[in-house]
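Below is one structure, written out as structure tokens, with a few remarks after it.
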Amino acid sequence: MTSPYQGIKETGILFHSLTDKYSYASLCLADGLNQLGIPIFSHLTSYQDNLVSDFKFRKMSELEFADLGEPKYIVIDISSIEGIYLLNLDIPTDKIVIALSISDTVSTIVLKNDIPFFCGHENKFFEFSDARMPWAFGISSKMIELSQDNNFSIDRREKKFVYNFRPSGNQSVRECLDLILIPQLEKYFSLDTEIISQVRWDENNFERLKKNFGCLAYGGNFMQNLVENPQFASKEPYYLVYKEINFVRKTTIERWDSWRFWESLAAGCLTIHLDFEKYGFNLPVMPTNWEHYIGLNLEDIKGDIERLMDERDRLPEIAINGKTWALEHYSPVAVAKRFLLFLEEYTELLETLDEFS
């Protein structure tokens, strides 16, 4: 039987990073593509992050170039770019190129190239001039491995919420919820507040998640259109970037996605975040509030906690639903399949446009 990805398998996909390493998103995507039998190549000699996956990027050899030809498809990982940028990449015109970023500041990076731009932290209340599409951190193979053999039934876990946030800058959402959520939540639940300084994806981290009932997984920063202030409008980087962004709402939330959200779901915890729909968080496949996670309403935190207690018999079911949903739609293989479907449709579109040009 012919593989549905036969055309892409002929030359494979080249991953190119702007630095000497790849982002978490590239690692998970490449891992999933590799599991589907897609040849994956790198411009680097070799690269692997065992904390994310056993998959290892390898540099394409001259012999492979002779057998396969140069890869037709290139994924450029620009996650290393941080700050405020109007970015114009130097890309080959004879390739099909995709840009990918889960940068903390991707909401202030605008791509001038007319290519698909897969972005983390997408918010439908930002409208950009570039061709960006929502992307997610998702679940790594290592998360799946460490969350297996879970002997901690949700009903028998400690009735605690993991609060393992490390103090950091530009986390106004988290700081806001420290003030308005935590006092309400602590009326009914204890918090596991230990800050782990070691690597976050180690076995100890997952054992901690698996023994606790829930996890606080929110984050992000409030953002407004700074160039409405003349002091920022007079600064060229701000002006050039912000004029490419339409703020549908005066105040929006950037940088809301995180590993914590996905590792909480993978571990079967009751996962608390903000309400994705209400605050414009955009994913390729959206979760449903109070079915897959608990999405908070900043206007009525007290009401959310009261509902949490009123529906406490449903909470184990929500935790299980969340894990099932996350694995179904955001495992490396699920993400890779979605990416390949886009790539095939995009290739067909480009070929059709070439016929009429």
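Taking helices (runs of 4 or more DSSP H) as the structural unit, those lying wholly within the stretch 153-255 and holding at least 3 residues that are more than 17 Å from Thr271 (Cβ to Cβ) correspond to 172-180, 203-211, 230-233, 236-242.
Here Ile76 clears all of (1) open to solvent by 10 Å² or more (accessible area, probe 1.4 Å); (2) of a type in the set (Val, Ile, Thr); (3) in a loop (DSSP other than H, G, I, E, B); (4) under 24 Å from Val285 (Cα atoms) except the condition numbered (3). Residues satisfying the criterion are absent from the stretch 22-38 (criterion: of a type outside the set (Lys, Arg), assigned to a loop (DSSP other than H, G, I, E, B) and either open to solvent by 60 Å² or more (accessible area, probe 1.4 Å) or over 30 Å from Glu351 (Cβ atoms) (or both)). Residues of the stretch 144-162 that are open to solvent by less than 40 Å² (accessible area, probe 1.4 Å), within 18 Å of Ile272 (Cα to Cα) and either of a type outside the set (Val, Ile, Thr) or over 21 Å from the mean Cα position of the chain (by Cα) (or both): Ile154, Arg157, Phe161. If you filter the stretch 132-143 down to residues that are open to solvent by 10 Å² or more (accessible area, probe 1.4 Å) and either in a helix (DSSP H, G or I) or at pLDDT below 95 (or both), you find that the one that is farthest from Val335 (Cα to Cα) is Lys142.
Scan the stretch 292-301 and give yes if some residue there is free of Cβ contacts under 8 Å to residues at least 40 places away in the same chain, touching a helix residue (DSSP H, G or I) at 6+ places or on another chain (Cβ under 7 Å), in a helix (DSSP H, G or I) and open to solvent by less than 40 Å² (accessible area, probe 1.4 Å), otherwise no. No, there is no match, as no residue in the stretch 292-301 is free of Cβ contacts under 8 Å to residues at least 40 places away in the same chain, touching a helix residue (DSSP H, G or I) at 6+ places or on another chain (Cβ under 7 Å), in a helix (DSSP H, G or I) and open to solvent by less than 40 Å² (accessible area, probe 1.4 Å).
Examine the stretch 337-346 for a residue that is free of Cβ contacts under 8 Å to residues at least 12 places away in the same chain and aliphatic (A, V, I, L, M), and state whether such a residue exists. The answer is yes, given that some residue of the stretch 337-346 is free of Cβ contacts under 8 Å to residues at least 12 places away in the same chain and aliphatic (A, V, I, L, M). The single condition from (1) open to solvent by less than 20 Å² (accessible area, probe 1.4 Å); (2) in contact (Cβ under 8 Å) with a residue 60 or more places away in the chain; (3) among the small types (Gly, Ala, Ser) that Ala99 fails is (2).
The values are calculated or read from the model by the stated rules, or taken from the named source; none is laboratory data. Small disclaimer: the values here were computed from a predicted structure and weren't measured. Virtual Cβ from ideal backbone geometry, glycine too; neighbours counted across all protein chains shown. Side chains included, ligands, DNA and RNA excluded: accessible areas come from the protein's heavy atoms. Shrake-Rupley method; radii C 1.70, N 1.55, O 1.52, S 1.80 Å.
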